[in-house]
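The structure appears below as C-alpha cells.
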Amino acid sequence: MRIYTRSGDKGTTSLVYGARVPKNDPRVEAYGTCDEANSMIGLALAFLHSEHFPEKEEVEQIFSRVQTMLFHAGAELSTPPGKEVQWKLKQEYIDELETVIDKWDAQLELLKMFILPGGHPAAAAMHAARTVVRRAERCSVSVEGVNPLVLPFLNRLSDFLFVAARFINHCLGIKDQPLHPLGD
C-alpha cells in the first residue's frame with residue numbers, strides 16, 4: 001500500500017466510513033488540530049529522552065495513555081454523526097487526567113501569579129501542546145453531533161498539559177518564570 005492515494009488532491013478528505021468532506025470542514029479542522037497537539041506532545045517527550053529523573057518512567061507511561069486518549073478524541077471528531085465511533089472517549093479518561101493533575105500539582109509551588117511558558121525544552125513543548133489543545137477545543141465547539149465528552153476532555157487536557165509542563169520543570173530543577181508586567 002502506498003502512503004499517497006491522490007484522493008485529497010482536489011481539497012477533500014475522507015471521514016471515518018468514507019464520507020468525503022472539504023479539508024476545511026470543521027470536523028477536519030478539529031481532529032487535525034488534535035493530531036497537531038499529539039505531535040507536539042511527542043516532541044516534548046523526545047526532549048525528555050536523554051534526561052534522567054526519578055519520575056521519568058511514570059511521566060512516560062502517563063503520556064502514552066494521554067496520547068492514546070487524544071487519538072480517541074480524534075476518532076470522535078472524525079466520525080460522521082449517526083455512525084458508530086470505534087475508539088470512544090469515556091468519562092474515566094477525564095477522571096484520570098484530573099487524578100494526575102491533582103497528584104502533580106500537589107508537588108508544585110502554589111501559583112500566585114502568571115508564569116511565562118518555557119523552562120526545559122520538554123516543558124516548553126508541553127506549553128505549546130497546551131495552546132494547540134485549546135485551539136482544538138475552540139474548533140470542536142462548531143462540530144455538530146459529536147460526543148459531549150469531547151469538550152470537557154480537551155478542556156481538562158489543556159489543564160493537564162499546563163501542570164505537566166510545570167511538573168517536568170520541577171523534576172528537572174527548573175523554577176517557574178513569573179510574569180513581570182512591563183512598566184509604562
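The values are calculated or read from the model by the stated rules, or taken from the named source; none is laboratory data. Remember, predicted model here, so these are calculated numbers, not experimental data. Glycine gets a Cβ as well: all are built from the backbone with ideal geometry, and neighbour counts include every protein chain shown. Ligands, DNA and RNA are stripped out before the accessible areas are found, and what is left, the full protein with its side chains, is counted by its heavy atoms. Shrake-Rupley method; radii C 1.70, N 1.55, O 1.52, S 1.80 Å.
Annotations
- Considering helices alone, the calculated mean residue ellipticity of the chain at 222 nm is -19500 deg cm²/dmol, with DSSP H runs of length four and up weighted by -39500 (n - 2.57) and normalised per residue.
- Inter-probe distance in nm under a simple model that places probes 7 Å from Cα toward Cβ, at Asp95 and Thr5: 3.7 nm
- Where the chain is the region considered: accessible area per residue in Å², 1.4 Å probe: 57 Å²
- Neighbourhood net charge (13 Å Cβ-Cβ; Lys/Arg +1, Asp/Glu -1) for Val133: +1
- Three-way shape call for region 110-155 based on the alpha-carbon gyration tensor, with the a/c threshold at 1.5: prolate
- Under the span-like rule (Cα at least 15 Å along the axis, Kyte-Doolittle mean at least 0.5), DSSP H helices of the chain: 150-171
- Three-way shape label, region 126-184, alpha-carbon gyration tensor, a/c 1.5: oblate
- A simple count of charges around Thr68, restricted to other residues whose Cβ falls under 14 Å of its Cβ and scoring Lys, Arg +1 and Asp, Glu -1, yields -2.
- Ordered by 1.4 Å accessible area with all protein chains kept, Lys56, Lys83 run largest first as Lys83, Lys56.
- Other-chain or far-sequence residues with amide H under 5 Å of Thr12's (modelled H): Lys23
- For Rg and Dmax of the Cα atoms in Å, the candidate list reads (i) 18.0, 61; (ii) 14.5, 45; (iii) 15.9, 46; the entry that matches the value derived from this model is (i).
- Between amide H atoms placed 1.01 Å from N, distances below 5 Å from Ile115 occur with Leu179, all of them 5 or more places distant or on a separate chain.
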